[in-house]
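The values are calculated or read from the model by the stated rules, or taken from the named source; none is laboratory data. Everything numeric in this text was worked out from a predicted model, so none of it was measured. Methodologically, a virtual Cβ is constructed for each residue, glycine included, from the backbone with ideal geometry; neighbour enumeration extends over all protein chains shown.
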């Protein structure tokens, strides 16, 4: 009986967190049944009750495990989408996405103007996925994650610059025609061939006009 108690607590701790409470429940049912069948007739009722109790605990364990997994999945889905990558991979991503007009939004989470601009560019990305390439230059991805989660940001996928020896963001972006910058945010419009059309603290209205002016011309055409 003491062995079963010990096993019960061990299984309870392990399977509650892993979401395998059903396995635990089945094991306990068999343990309880086995003890019931092998016990003396005078102890059968006691062991049967104990087996049922442990099976009940197993059911609660199953429900608790399912709840924990659902909560973790929901938290994972609801968190900000960030990717900690070196500048070379950021450049590769920009080159890979050519074929359509896009905008680079380069920012810092501790910059006042970046914080003002970010919600509008997030809205643009939500309306037209793949249009905005968000690049954060914070020292650590934790800073970016903390800020984006604090404002409930869910739509903007952000590439956080990972420091690497001989890998400089300014240098690699200059190969695409982006001029060196110091102030944030830096907004860069690119055409379908990754040619820079404009850069600076560009308001989203200007960027939208550039991105969709061809579509607007088609709509206005007689």
Among residues of region 180-222 being within 24 Å of residue 88 (Cα to Cα) and modelled with pLDDT under 95, the residue surrounded by the most Cβ atoms within 10 Å (Cβ to Cβ) is 181
Residue 142 passes all but one of the listed conditions (1) under 12 Å from residue 80 (Cα atoms); (2) touching a strand residue (DSSP E or B) at 6+ places or on another chain (Cβ under 7 Å); the exception is number (2)
Might you check whether a residue that is on the phi > 0 side of the Ramachandran plot and in contact with a strand residue (DSSP E or B) (Cβ under 7 Å, 6 or more places away or on another chain) occurs anywhere in region 158-180? yes
Condition set more than 25 Å from residue 213 (Cβ to Cβ) and in a helix (DSSP H, G or I), scope region 156-199, selection nearest to the chain's Cα centre (by Cα): answer is 169
